[in-house]
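Following: one structure in C-alpha cells, then a few remarks.
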Amino acid sequence: MWRQRTLASQILLGVLAILVVTMSIGVALVVRNSRNTFDRQYEQRALAVASAVAQMPQIRAELQDGDPTHLIRGLAADIARATGASYVVVADRDGVRYSHPNPALIGLRLEEGVVVLDGRDHVGIDEGSLGRSANGKAPVQAADGRVVGEVSVGILESEVGARLRHEILVIALYLGLALGIGVVASWLLSRLIKRATFGLELSEITSLLQEREAMLHGIREGVIGLDARGRINVINNEACRLLKVSAAAAGHHVDDVVPPGRLRDLLTGVAVGVDQVALTDDFLLVVNRMPVVLGGRDAGSVVTLRDRTELEALIRELNAVTGLTNALRAQEHEFTNRLHVMSGLLELGAHDEATSYLAEISSGSIAAGEELRSRIAPPVVAALVLAKVAIAAEQDIDFVVTDDSHLDATDDEAQTVLTVLGNLVDNAVEALAGEPAPRRLTVQLSDDNGLHIAVTDTGPGISAEAVDEIFRDGYTTKGPRAELRRGLGLALVHRLVHRAGGTISVTTGPGARFAVWLPRLAGARPEPVESRSAGVTP
C-alpha cells in the first residue's frame, strides 16, 4: 500500500511522521524538565517561607510555652494567605501540630515525624494529607540553639500544574507552528524532487536504472554520459576499454581523464560534427556527441565511441589492392599493345626485329625490378615500392627511387616502414593528381644510423600555417573518397614514428618533402640484401 503512493505523498507523510515523533519526544522531555524545574523552584520558595516563620520570635516563644493563647494558628493562617502557600504547619519537637489548614489535625502528631531535629533545612515532595506538594521544612531553635519545633510550608501540586499547563500551552503553540512550517516545507520539497525527477515515481526510476545498466553494459559501443558542466556521469565497460580508463572515471571532469587532443575536443564539444574520427595510441575511434535536453533544460550530452581500427585497416588495405589492380589493368593494355607489335612483326616475317624488340622490352622492366630488389630489403618493402611505381605510372607520375637509396631492415622494422612509406607515397600521389606535367615523386631510403625515409613531390606543397595541423587526426584538405576516411594517413605516420622514438619533419612548398628517421630496434641484425634477395624470381 505504501509503495503504491506517489513520491510526493510518501515524502509528505514521511516528513510528518518524523516531525510528530520528534516533537512528541521533545514535548515529553520539556514537560519532564519543566516539572522538575518547577518542583525545585517551589521547594525553595516553600523553604524561604518556612525559614522566615521559624525566625519569628512569637512562634519561638509560643512553641516553648506550649501555645497557651493559640497564637500560632492565627499567625500561620495569615502567613499562608500572604505568601500564597498552600499550608503552614508548625509543630513542636515531639511532632504535635499547632497549626494546620485542617483544624481537625491540630493537636495531632505528624505522621512522618519531625525531620529537622538535626538542625538543618529540608526540602522535597511531600505526599501529605492535603495531597502532593513541594515542601520546605525549617527548624525552630531556642536561644540556646536547641530545636524546639519545626515549620513546614507546602505549595500544592495544583499550583505547580497550573503553571506547567501554561508553559505547555506555549510549547504547544510553538510546536503547532513548527509542524505547519514542516508540512509546507515537505510539500515544497516533494515538488522540487518531483521536478528534479521529471515527474517519475520511485518504481519508474528503479525500472529506468535497471534498464539503463543492462543497456549500457550490454552493447559493444562505448557510451559516455556527461552533465552540463562536462563531468562524467555514466561510462560503460566498452568506453573504459577504448579510453583506457577505469570505471572510477565517473564523477570526474573529462579534462581530468582524457589527455589534450582531438579526442578530448570531440568529447567536450569543442570539435563538432557527425562521425568524427579520433586516433589514439591503440584505436581509431568514430565519435558522435549528441546534446541532451530534458524539460527544456540542458542536461548535458551523450557521446558514443565506435572502434573502427580493424575495419579502417581493411578498407585501406582493400583500397591499396584496388589501386594496384587498376595499375596492373593499365599495364595489361600496354603489354597487349606490345604483343600486337610482336604478332605483327612475326606475321611479316621480321624475326630478327621481333627478337630485338622482345629483348628490349624485357630487359628494361626486369632490370629495373632486379636493381630495386638488390638495394631494398626485406622483399616486402621492395614489392611495395614496385607497386607504388606502377600506380604512379598509371597516373603519368614519374616515380624515382634515388640512386643512393639503400635499405636493409629487419622483418619487425619492415612493418613500420611499410606503413610510413605507403602513406607518404599515397599522399604524394594524391597531391600530384591534377597538377600540370612534369609530375615527379622522389623516394630516398637509407639505413645509416637508423632508418631514413624521405618522400618528395613537385605538387602544390604545404603552407607554413598548416605544418602544425597536418599530423592532427581528422585534418584534411581533400574531399571524401568512398568509404576511406580522410585525415588519418599522416596522423598514423606521426603516431607510429613517435611511438618508435623517431622524428618526422616537413619542408614547405612549392612541393613537399617529408623526412622520417626511425631508430633501429634493439638487437636488430638484418641479413645482407643480397642474401635476402636470393631466390627471388623476377
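Just to verify a result, which residue in the stretch 271-282, among those that are in contact with a Lys or Arg (Cβ under 8 Å, 6 or more places away or on another chain) and surrounded by fewer than 17 Cβ atoms within 10 Å (Cβ to Cβ), is nearest to L496 (Cα to Cα)? That would be D281. If you go through the stretch 260-292 and pick out every residue that is farther than 17 Å from R231 by Cβ and either in a loop (DSSP other than H, G, I, E, B) or assigned by TED's automatic domain parsing to the domain that holds A491 (or both), you end up with 11. Number of residues in the stretch 220-245 that are touching a strand residue (DSSP E or B) at 6+ places or on another chain (Cβ under 9 Å) and not in a strand (DSSP E or B): the value is 15.
Reported count of residues in the stretch 366-377, each being modelled with pLDDT under 85 and within 17 Å of L418 (Cα to Cα), is 3. Scanning the stretch 382-407 for residues that are of a type in the set (A, V, I, L, M) and assigned to a loop (DSSP other than H, G, I, E, B) returns a single hit, I397.
Scan the stretch 241-267 for residues that are in contact (Cβ under 8 Å) with a residue 12 or more places away in the chain and under 14 Å from L305 (Cβ atoms) and the total you get is 13. Quick one: what pairs do we get from the stretch 450-464, first residue assigned by TED's automatic domain parsing to the domain that holds E413 and in contact (Cβ under 8 Å) with a residue 40 or more places away in the chain, second of a type in the set (S, T, Y) and surrounded by fewer than 21 Cβ atoms within 10 Å (Cβ to Cβ), C-beta under 7 Å, 6+ apart or different chains? Within 7 Å, the pairs are H452/S446; T456/T442; G461/T508; I462/T508; S463/T508; A464/T508. Of the numbered criteria (1) touching a residue at least 40 places away in the same chain (Cβ under 8 Å); (2) more than 20 Å from T280 (Cβ to Cβ), the one E221 fails is (2).
Of the residues L175, L110, the single one that is over 30 Å from L75 (Cα atoms) and at pLDDT 75 or above is L175.
The values are calculated or read from the model by the stated rules, or taken from the named source; none is laboratory data. Nothing here was measured: the structure is a model prediction, and the numbers come from that model. Every residue, glycine as well, gets a Cβ built from its backbone with ideal geometry; the counts of neighbours run over all protein chains shown.
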